[in-house]
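See structure below.
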Amino acid sequence: MIKIEKLSQSEILKRGINTWPIWEKEIATFPWEYDSDEYCFILQGEVVVNANGTDYHIEEGDFVWFPKGLKCTWNILSPIRKYYQFK
């Protein structure tokens with residue numbers, strides 16, 4: 001299960017999200033498997049991630065948790081730019 005939430009600006013600063021590395025990707029569709037938990041904050045773009053037959057719509061301003069072991073397909077609808085951290 002993917003968890004999507006909205007964070008306040010103060011929570012973003014408190015967690016130090018703005019110090020995380022940035023990942024960018026153009027419009028594309030590709031399979032992905034997580035070998036560790038990933039936390040990310042979407043700065044720009046839109047993606048639909050399909051996991052276990054469920055579509056998760058993720059867009060600018062979303063804070064997302066992808067659990068270790070998740071197998072999914074990313075369908076990037078508009079170029080993605082995100083802060084990310086693996087744990």
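The values are calculated or read from the model by the stated rules, or taken from the named source; none is laboratory data. Being a predicted model, the structure only gives us computed values, none of them experimental. Backbone-built Cβ (ideal geometry, glycine too); neighbour counts: all protein chains shown. What goes into the accessible areas is simple: the full protein's heavy atoms, side chains included, and nothing from ligands, DNA or RNA. Shrake-Rupley method; radii C 1.70, N 1.55, O 1.52, S 1.80 Å.
Yes/no matrix, rows are residues, columns are (1) farther than 26 Å from Q9 by Cβ; (2) of a type outside the set (V, I, T):
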residue	(1), (2)
F41	no, yes
E46	no, yes
V49	no, no
T54	yes, no
E59	no, yes
V64	no, no
K71	yes, yes
L77	no, yes
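In the range 28-53, the qualifying residues are those that are farther than 17 Å from E5 by Cα and hydroxyl-bearing (S, T, Y), and the one that is nearest to the chain's Cα centre (by Cα) is Y34. Residues in the range 17-65 that are more than 13 Å from I76 (Cβ to Cβ), out of contact with any Lys or Arg (no Cβ under 8 Å at 6 or more places or on another chain) and of a type in the set (G, A, S): G53 alone.
Within the range 59-67, one or more residues are at pLDDT 95 or above and out of contact with any strand residue (DSSP E or B) (no Cβ under 6 Å at 6 or more places or on another chain). The single condition from (1) within 12 Å of the chain's Cα centre (by Cα); (2) of a type outside the set (K, R); (3) open to solvent by less than 40 Å² (accessible area, probe 1.4 Å) that L7 fails is (1). For the range 23-38, the criterion of being of a type in the set (G, A, S), open to solvent by 40 Å² or more (accessible area, probe 1.4 Å), out of contact with any Gly (no Cβ under 8 Å at 6 or more places or on another chain) and without any contact (Cβ under 8 Å) to a residue 60 or more places away in the chain is met by no residue.
Where residues in the range 52-87 are part of a loop (DSSP other than H, G, I, E, B) and among the small types (G, A, S), which of them is surrounded by the fewest Cβ atoms within 10 Å (Cβ to Cβ)?
Keep residues of the range 52-87 that are part of a loop (DSSP other than H, G, I, E, B), which gives 52-53, 60-61, 67-70, 87.
Then keep just the ones that are among the small types (G, A, S); that gives 53, 61, 69.
Numbers: G53: 5, G61: 12, G69: 10.
Per the stated criteria, the residue is G53.
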